[in-house]
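The values are calculated or read from the model by the stated rules, or taken from the named source; none is laboratory data. Just so you know, these numbers come straight off a predicted model, no measurement behind them. Backbone-built Cβ (ideal geometry, glycine too); neighbour counts: all protein chains shown. Areas reflect the complete protein model, heavy atoms only, side chains present, ligands, DNA and RNA absent. Shrake-Rupley method; radii C 1.70, N 1.55, O 1.52, S 1.80 Å.
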There are 2 protein chains.
Amino acid sequence: MPQDDEANPALSGQDGAIEESGLFRPRFDASGLMPCIAIDHQSGTVLMLAWVNAAALEAALSSGFAHYWSRSRNRLWKKGETSGALQRIVEIRTDCDQDALLYRVAVADPAGTCHTGRPTCFYRIVPLGPGDLERPLSFDETDR
Amino acid sequence: MPQDDEANPALSGQDGAIEESGLFRPRFDASGLMPCIAIDHQSGTVLMLAWVNAAALEAALSSGFAHYWSRSRNRLWKKGETSGALQRIVEIRTDCDQDALLYRVAVADPAGTCHTGRPTCFYRIVPLGPGDLERPLSFDETDR
């Protein structure tokens, strides 16, 4: 996640090692987790953001289906195991400093991606403008 | 980020309050941060994943330009302030449980989005298959 302004000298060094490395060495946070974005493999739409630990990532790589770590339930979570909205992984990418992941997935049941029955978790718009953070949201239900 | 399997009973309650609320009440983590995905407003391509705190989000909402919280430098960070790759915000979305954000942005200089000179931070592919997490990465340099 470092960009121009955010380059981390301790990691980059003189040769930009971590950014140009051809070796995957995921950097989990102090809790052993890393954020993971899931996008639709055809449309590119952002479906959700969840978390992975090493076990979830290993399960995803070996099975070809998206696995995450459920922070609320504190357990490995195969996406869609109960809902049927399995996510078959088409591709996995890592970011420049290897502390975020991107799953490109084919969703078995798009309506089940969000537990609210929507195809994406990002269905509410935050209006721009100054003022308090607490402000009305608008819903985008075009895909529902 | 809760989906089917991940619904958080403590938050959802009987009426799914947080998911169906029309009020923005962002839920920052214990460090006061929240992950924020930036996507291109036209192509939808995922550009980067960074972090916001309340101050960064307020600055983004009031200025219309993407602001983040730099964890490595421990300061508010206006994206592109030094590189020129400003991100004009077209839309902000929040997810179902209001602990992740999505910025849809127009980038002033696409080549400056990643500090490595790439248009996205997600330029490396992690090959699927069982085995150690530590494995060779392949580069996708099509957009460079």
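Find the residue count for region B:79-100, including only residues that are part of a strand (DSSP E or B) and either open to solvent by 50 Å² or more (accessible area, probe 1.4 Å) or not hydroxyl-bearing (Ser, Thr, Tyr) (or both). Result for region B:79-100: 7. When B:Ala55 is tested against the conditions (1) open to solvent by 20 Å² or more (accessible area, probe 1.4 Å); (2) part of a strand (DSSP E or B); (3) of a type in the set (A, V, I, L, M), the lone failure is (2). Residues of region B:59-73 that are assigned to a loop (DSSP other than H, G, I, E, B) and either surrounded by fewer than 24 Cβ atoms within 10 Å (Cβ to Cβ) or touching an Asp or Glu at 6+ places or on another chain (Cβ under 7 Å) (or both): B:Gly64, B:Arg71, B:Ser72, B:Arg73. Applying the set (1) open to solvent by 30 Å² or more (accessible area, probe 1.4 Å); (2) in contact (Cβ under 8 Å) with a residue 60 or more places away in the chain; (3) assigned to a strand (DSSP E or B) to A:Arg27 leaves exactly one unmet item: (3). The single condition among (1) part of a loop (DSSP other than H, G, I, E, B); (2) within 11 Å of the chain's Cα centre (by Cα) that B:Ile37 does not meet is (1). Can you confirm whether A:Leu76 is open to solvent by 30 Å² or more (accessible area, probe 1.4 Å), outside any loop (DSSP other than H, G, I, E, B) and either among the hydrophobic types (A, V, I, L, M, F, W, C) or facing chain B (nearest Cβ under 7 Å) (or both)? Taking the combined requirement at face value, the residue satisfies it. Residue selection: B:Ser43 fails the criterion of being within 24 Å of A:Met34 (Cβ to Cβ), open to solvent by 40 Å² or more (accessible area, probe 1.4 Å) and of a type in the set (Gly, Ala, Ser). Select from region A:101-120 the residues that are within 7 Å of another protein chain (Cβ to nearest Cβ) and touching a Ser or Thr at 6+ places or on another chain (Cβ under 7 Å) and write down the one among them that is surrounded by the fewest Cβ atoms within 10 Å (Cβ to Cβ). Here the residue is A:Gly112.
If you go through region A:121-144 and pick out every residue that is outside any loop (DSSP other than H, G, I, E, B) and open to solvent by 30 Å² or more (accessible area, probe 1.4 Å), you end up with 4.
Checked against (1) closer than 20 Å to A:Leu47 by Cα; (2) among the hydroxyl-bearing types (Ser, Thr, Tyr); (3) over 13 Å from the mean Cα position of the chain (by Cα), B:Ser62 passes all but a single condition, namely (1).
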